[in-house]
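Here's the structure we're looking at; comments come further down.
Throughout, read-outs are computed from the coordinates displayed, never taken from laboratory work. This structure is a prediction, so every number in the text was calculated from the model and none was measured. Here Cβ is always computed from backbone atoms with ideal geometry, including for glycine, and neighbour counts include all displayed protein chains.
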Amino acid sequence: MNQIFERTSISGIILENRIIRSATLEGMGDDAGYPRDGLITIYERLAENKVGAIITGYVTVQRNGRTVPTMCIFDDDKSIDNYKKICAKVREHNVPLILQISHGGGQCFADAATENVAPSSVSYPRYSKPRALVESEIEDIISSFVQAVVRAQKADFSAVQIHAAGGFLLSAFLSPHFNRRQDRWGGSTENRFRIVGEIISRARQQVGDFPILIKISAYDGIRGGTTVEESIQISKMLQEAGYNAIEVACGNVDMLYTIRVTKVPVKAIFSFVPQYAAMPAFQKKLMALIMPLAVKSYRPLRNYNVEAARKIKEQVTIPVIVTGGIRRLQDIEEIIAKNTVDYVSMGRPFIIEPNIVSKFLSGQQTESRCIDCGYCIFGVTNAQLRCYYGRIPSQVRQVTV
Ligand SMILES: Cc1cc2nc3c(=O)[nH]c(=O)nc-3n(C[C@H](O)[C@H](O)[C@H](O)COP(=O)(O)O)c2cc1C
Ligand code: SF4
């Protein structure tokens, strides 16, 4: 317990404990992509309940990188003042607020982005086939990331986190399965790494030592994809390039591999995902029978990235954060006491109980109440983030399956 609740620093950002809120899309973007008023309340609740640091839900650096219509867009200066107010509120609680910046790449729904783009034209299941980017577009994307880092510093965020996990654009560049390019942006590890290397080296020229963290998928779980062995090498390159911390996640193809669930949340998918919600009733019934057979629910459910993160930490000196199925205080104590990694981060436990850290600290609870139903993953695609606890409320029950 003592080690979890000791004060530490990530390149000057002070954390009062080692339990971080992992980036979680809040579904608070308005039609134009600016944050809605309620976003500040979400962060305030987390901050007043003693979370070690908050990583925001991903915001896109380019309009066309918007994965779902509820995602915020951070491609101009207009929202800086708004974010400044949010940062000031969170800072009152001595909790760092870290902005996660992203580009959805090949994983954008048609109602959110005009076109899916990726390093190569390799399909993701359930998304339209992406177009391979031309070199000038890669340069534009790098500039957009750099400008977003500059804006985040102006808005008084404590740091940024570059999202290079979960199959979104930057993790697709890192993955040998998704990146089949034969130019200087693909092929060798060095070439696939180039885009994240360029982002930090150009950002550093503008923001000095402003902390820049990164989240990676250490393994894809597919043949020909990212492996832990290569991710160790990439982590050393990230450190060398100047990243200040690495958060270790997994998965590039299937969201339910990255965010694991007890069983495929069929009802949530049919209620929230437009392409399924719009199907005729008979097709839904058929799909509802097929889906659990066709879509796997992956195991283990608990602490599934700890081993990969441990291997990475052995090879780098910058802080390592691990996410994925962390639910029990006892596990966190063990991870931290053994110095397996430096920080743990959780997503869903903070959705169901934004005050989970306070509960751990007071001894009121030793485990999250999250049941890993996965309904929140699909609910947030078109509504504000909330916990559904395995039930669809009547106002969104457009579909019975
Ligand atoms: C509703 C929801 C939204 C998420 N949004 C993001 C996001 O914006 N960026 C990101 O990197 N990960 C996102 N994640 C993944 C989490 O950061 C976390 O890595 C993952 O859920 C595993 O941790 P958990 O088992 O504690 O939930 C999201 C997860 C959920 C459930
Ligand atoms: S809806 Fe609630 S219980 Fe279900 S996975 Fe999300 S946070 Fe956990």
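What distance in nm lies between label points placed 7 Å from Cα along the C-beta direction at residue 180 and residue 32? Modelled inter-label distance: 4.2 nm. Here nothing in the chain passes the span test, since no DSSP H helix has an alpha carbon length of 30 Å or more along the helix axis and a Kyte-Doolittle mean of 1.0 or above.
With contributions of -39500 (n - 2.57) from each DSSP H run of at least four residues, the per-residue ellipticity at 222 nm computed over the chain stands at -10500 deg cm²/dmol.
Here 169, 97, 361 are placed in order of increasing Cβ neighbour count within 10 Å, fewest first, which gives 361, 97, 169. Calculate the tail of P(r) for segment 245-401: the fraction of all Cα-Cα distances greater than 28 Å, expressed in %. Summing the P(r) tail past 28 Å for segment 245-401 gives 29 percent. Estimated at 0.36 nm per residue, the fully extended path between residue 45 and residue 362 surpasses their Cα-Cα distance by 112.4 nm.
Provide the gained length on full extension for the span residue 369 to residue 92, in nm with one decimal, where the gain is 0.36 nm per separating residue minus the Cα-Cα distance. Let's see the in-between values first.
Numbers: separation 277, 0.36 × 277 = 99.72 nm, distance 2.83 nm.
Extra length available between residue 369 and residue 92 comes to 96.9 nm.
From largest to smallest, the equivalent ellipsoid semi-axes obtained for segment 72-140 from the alpha-carbon gyration tensor read 33, 14, 11 Å.
Give the average over all directions of the projected area of the C-alpha convex hull of segment 194-234, one decimal, in nm². Mind showing how you got there, number by number?
Numbers: hull surface 13.8 nm².
Taking the Cα atoms of segment 194-234, their convex hull projects to 3.4 nm² on average.
Spin-label pair residue 273-residue 227: with each label point 7 Å from Cα along the Cα-Cβ axis, the two points sit 3.0 nm from one another.
By the count of other C-beta atoms within 10 Å, a proxy for reagent exposure, 271, 136, 79 are ordered fewest to most as 136, 79, 271.
At R0 = 41 Å, how high is the FRET efficiency between residue 114 and residue 7 if r is their beta carbon distance? Nearest 0.05 is fine.
Working: r = 46 Å, r/R0 = 1.12.
After rounding, the FRET efficiency stands at 0.35.
Quick check: the distance between the Cα centres of segment 296-312 and segment 257-271, to the nearest angstrom? Result: 18 Å between the Cα centres.
Over all distinct Cα-Cα pairs of segment 14-106, the Kirkwood formula returns a hydrodynamic radius of 13.4 Å. Each 5 Å bin from zero up to the one holding the largest Cα-Cα distance in segment 299-346 carries the following percent of pairs: 5, 23, 38, 23, 9, 2. The distance linking segment 10-73 with segment 127-197 is 20 Å (Cα centroid to Cα centroid, whole angstrom). Between residue 333 and residue 391, residue separation times 0.36 nm minus the direct Cα-Cα distance comes to 17.7 nm. Each distinct pair of alpha carbons in the chain adds a 1/r term; the inverse of their mean, the Kirkwood radius, is 21.1 Å.
A simple spin-label model places pseudo-atoms 7 Å from Cα toward Cβ; at residue 139 and residue 352 they are separated by 5.0 nm. When restricted to Cα atoms, segment 341-388 yields an Rg and a Dmax of 12.2, 36 Å, respectively.
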